[in-house]
Each structure stands twice: as C-alpha cells, then as structure tokens.
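Presented below is the structure to which this report refers.
The values are calculated or read from the model by the stated rules, or taken from the named source; none is laboratory data. What you see is a predicted model, and the numbers here were worked out from it, not measured in a lab. For neighbour counting, all protein chains shown are included, and Cβ atoms are generated from backbone atoms with ideal geometry for every residue, glycine included. Ligands, DNA and RNA are excluded from the accessible area calculation, which covers all protein heavy atoms including side chains. Shrake-Rupley method; radii C 1.70, N 1.55, O 1.52, S 1.80 Å.
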Amino acid sequence: MTGPTPRDLKIARAEIDYLAALEAGDLEKLAALWHRAESDPDLTAAFLGLSRDLEAEAAAEQDSAARPADESATGAGTFVPDEFVVAAAAPAFAPPSAADPHAPPRAKDVARRVKEEAAAGKLELSPQDAAAVDSLLDRDDPLPDLLAMPAVKRWTESLGVAVGKATLLAFRDAAITLSFTRSETAAGPPPTANFLAAREARPASGRARQAPADPQSPGGPREKSGDAPETEPPPEAT
Amino acid sequence: MPPDPSEDEYQARRAALDAALSRDWEKVRAAVTNVVARKIHRGSPEFHDVVHETLGTTLEDLLKQAAKYDPDRDVVPWAARFAMLSLSEVLRKRGRRQQVVAAADLGEAWESAVVSYHSLEEERRREAAEVIQAALAQMKPDQRRIIELMDLQGLNYDELHAAIGGPRGALRMRVLRARSAFGAILKRMCREEDSQ
C-alpha cells in the first residue's frame, strides 16, 4: 500500500466514528472511543484536537449568527443604549445562573440548588431547615475557600443559619458542584485542589469509600443504568 | 482482582488525580459541551444546567474511583469516559434519551475503501476505484475534491491547504466532514447492494 500509514488510518477512522457518534448522540459509543483513547496517547490527542476544533467552529457560528441579529435590532444609524440591547437579547425571566454561568457561586446560588433538589424529591427538608434555606436565597455572601463539613458548618453558623446534618451535607455537596462547574474562567484552571482536598478523609475500609455515606445527599448513590465504569469498561459499540 | 491499594498509595493516587484534574478539566469540559450542544441549543439555560450537572456527577464518580486512577496515564480520556456515561444518565433523567440512535460505523467504510484503493492487488484496486468513483459522484464538489486530494492522491494537510485554500484552522474539520460524508455514502451503497 502506498497510501496512508496504518497509524494514520486508525486515527482518521476513530475521528470519523467520533464525529458520527457525536452527531447521532450515541453516548455509549463516545464512551467506548474514550476508553480506547485511555491506552493510546495519539488517539487522545486526536479527540482533544477535535474538541478544540468543534469549539472553534461553534464560536464562529455563534459570532456569525449574532452579528446580523444585532444589526437588525439596532437599525442603521440609530443609537440604542447598550443596556437596551442587552435587555432585549436576554430572556425575561432567566435564572441568575443562566445570566452568568461562570460567576463564582454565592450563598443564594447554593440555597437555590438545595431548594431545587428538595422540590425534585431528592432531599427532605424539615420546616425549620426549609425556612433556613429560604433565608439564604437573597444572600450574596461568598462561599468559604474550603468546603469540608466543619468549614461549611462554621460558615452557615456565621450567616446565622442552623440546619440539620442531612441539609448541611446537601448544602456542602451543592456548593462543591457549583464551585467546580462554574470555575472555568479566563484566569486559569479550576481550583479543584481546595475542595477536592477538603473532601472527607478516606474511610478506613477500602469498600466503604466506594459508596458515599449519605444517600440523601446529591453526591450519594445515584441511579445508574448499569453502564458505570466501575471495573468493567463500557462495551465496544459495533 | 488487584489488591486494594495501601493508604499511602491511595493518598498518592488521590493527589495525582487532583493535580491532573486541576490541569486538564477544561479539556473534559470541552468534550462534554460539544456533545451536549448536539442535543440542546447552546443559548438555552438548560444547556448550562446539563453541562454543570454532568460535570458535577462526573467529579463525584471520579472521586469515588480515585483508588483506580493510574497516575502514569492521561486523565482526560479516563475522565471523558466517565463524563459521557454521566451525561447519558443526566439526559435520560431529563427525558432526552429517546432521540438517541446508534451511530453508523462510517469510519470502517471509509477505511475499507481507502485501503482497497491503495492495495497492491490489481483486481482489488480496480474494484475499489469503481466503487469510489460512484460514491464521489454523489458528493458535494468541495468535499469530493478533499477526498480525491487527501485520501486518494495522498496530499498532507499543508499541501491540501495550498490546493483548496480557506481558513487553515477550519481545514481539519472540513476534511473530517468530507470523510464522514464519503463513509455515509459508501455505507448507503453497501446497504442498497445488500437489499438487491
């Protein structure tokens, strides 16, 4: 064969399959492809390059879609103050998290998330705890640097709030999730070290650490469809 | 089953996982956002919710699996695999999995055609050329040209760019989309042939 090398073919074929799985929303196949990439640095690099290119493509599409909309909204030669343009573009009742999904979470964001989880039946709030969570819904206080349980307990007490252990755990887990997923800023990588290091210490038993202690918390055992990568890799798609 | 790691080893793996995630989490996020964007419009508030929920769930899973983290390996594919399975669960809970269909193996069709075209066996090469020409005839002109130059004539990316122009940064995606389209046509031709 005088064409592409077997290595080139293997990478290109995987890239084609990745794109096809992406377009089809075939998550099992995507997981299987990433599983293959775990032992193949070239494949990892190829998928990461693909992710970068797709991001760039999406950004370019958003730019080109936004430009004509802005022009038609303002009209040629018409001065429109910026705040009106922004107000027109923003959804009328967008939640704060949608307005700035990358802002560091505040007490009110965590309280809102805990309330959502309670509303979804994932957490049971006593009337006292529900009132305590409600009292935080308009608090702009920043979260503590460390999100270990004692630190979170001290912090809620400093806000004049006392809640039960299950609610405190839910509060802590919501804070961890929000801190982590909102922390992608231009300044650099997310500060995972703080809260990862602040997680509960490893239980003495190796078996115990595989399952969180409190099934009430969002970090507790979750319903799985049997495809979690615990010990077995996901089946290769055919 | 491998033995449970010692406390010291566990802590070392955990620290390595922490460092690797701090460094590379954005790459996992990029992979997740690209997939979510295929299901939910990027401008929708639900888009951010799904990305956040998926990454949060992924993080929880990764922490539970810290004892199995291999510090000698890249964390990104390992975390990305967890992320895809987490996303699957998040979408299922939101009732969005019904639209999922199994992706066709377009890469196999593309690879088979290209390998046959460059085969040393005259007959195999001739047969492949006939199939390839029939497939190319069904392609858009710009994508057809990419396949001809890149996969049949063997140009590299720089040479291809010199030949077809356009933004250099978008070239890789253009090639990939052309190859996907080519694979899809070959796949369809195979199905039609089988059904006859």
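What to note about this one:
- Flag not set for B:K64, criterion: within 22 Å of the chain's Cα centre (by Cα) and either surrounded by fewer than 20 Cβ atoms within 10 Å (Cβ to Cβ) or of a type in the set (V, I, T) (or both).
- Restricting the range B:139-174 to residues that are of a type in the set (K, R) and more than 16 Å from A:E57 (Cβ to Cβ), the residue that is surrounded by the fewest Cβ atoms within 10 Å (Cβ to Cβ) is B:K140.
- Within the range B:19-68, the set of residues being in contact with a Ser or Thr (Cβ under 9 Å, 6 or more places away or on another chain) and not in a helix (DSSP H, G or I) comprises just one member, B:R42.
- A count restricted to the range B:35-50 and to residues that are without any contact (Cβ under 8 Å) to a residue 40 or more places away in the chain and at the interface with chain A (Cβ under 7 Å from one of its Cβ atoms) stands at 5.
- Qualifying residue in the range A:6-28 (condition: within 7 Å of another protein chain (Cβ to nearest Cβ), within 13 Å of B:N34 (Cβ to Cβ) and not in a helix (DSSP H, G or I)): yes
- Just one residue in the set B:R38, B:R13 is surrounded by fewer than 23 Cβ atoms within 10 Å (Cβ to Cβ) and under 30 Å from B:A184 (Cα atoms); that residue is B:R38.
- Among the candidates B:A135, B:A178, B:A129, residue that is without any contact (Cβ under 8 Å) to a residue 40 or more places away in the chain, more than 11 Å from chain A (Cβ to nearest Cβ), open to solvent by less than 40 Å² (accessible area, probe 1.4 Å) and in a helix (DSSP H, G or I): B:A129
- Residue in the range B:181-194 that is nearest to the other protein chains (Cβ to nearest Cβ), counting only those that are open to solvent by less than 70 Å² (accessible area, probe 1.4 Å) and not charged (D, E, K, R): B:G183
- Annotation note: Cβ proximity below 9 Å between a residue of the range B:1-30 that is without any contact (Cβ under 8 Å) to a residue 12 or more places away in the chain and a residue that is assigned to a helix (DSSP H, G or I) and loosely packed, with under 14 Cβ neighbours inside 10 Å (sequence gap 6+ or interchain) occurs for B:A15/A:A197; B:D18/A:A197.
- Looking only at residues in the range A:93-109 that are at pLDDT below 85 and open to solvent by less than 20 Å² (accessible area, probe 1.4 Å), the one that is farthest from A:L143 (Cα to Cα) is A:P101.
- Members of the range A:29-46 that are within 7 Å of another protein chain (Cβ to nearest Cβ) and of a type outside the set (K, R): A:L30, A:A31, A:W34, A:H35, A:A37, A:E38, A:P41, A:T44
- Checklist (1) polar (S, T, N, Q); (2) open to solvent by less than 40 Å² (accessible area, probe 1.4 Å); (3) farther than 29 Å from A:R13 by Cβ applied to B:S6, failing item: (2)
- Checking each residue in the range B:73-90 for being open to solvent by 10 Å² or more (accessible area, probe 1.4 Å) and either part of a helix (DSSP H, G or I) or more than 7 Å from chain A (Cβ to nearest Cβ) (or both) picks out B:W78, B:R81.
- Residue match in the range B:99-120 (condition: more than 10 Å from chain A (Cβ to nearest Cβ), more than 17 Å from A:D53 (Cβ to Cβ), open to solvent by 70 Å² or more (accessible area, probe 1.4 Å) and free of Cβ contacts under 8 Å to residues at least 12 places away in the same chain): no
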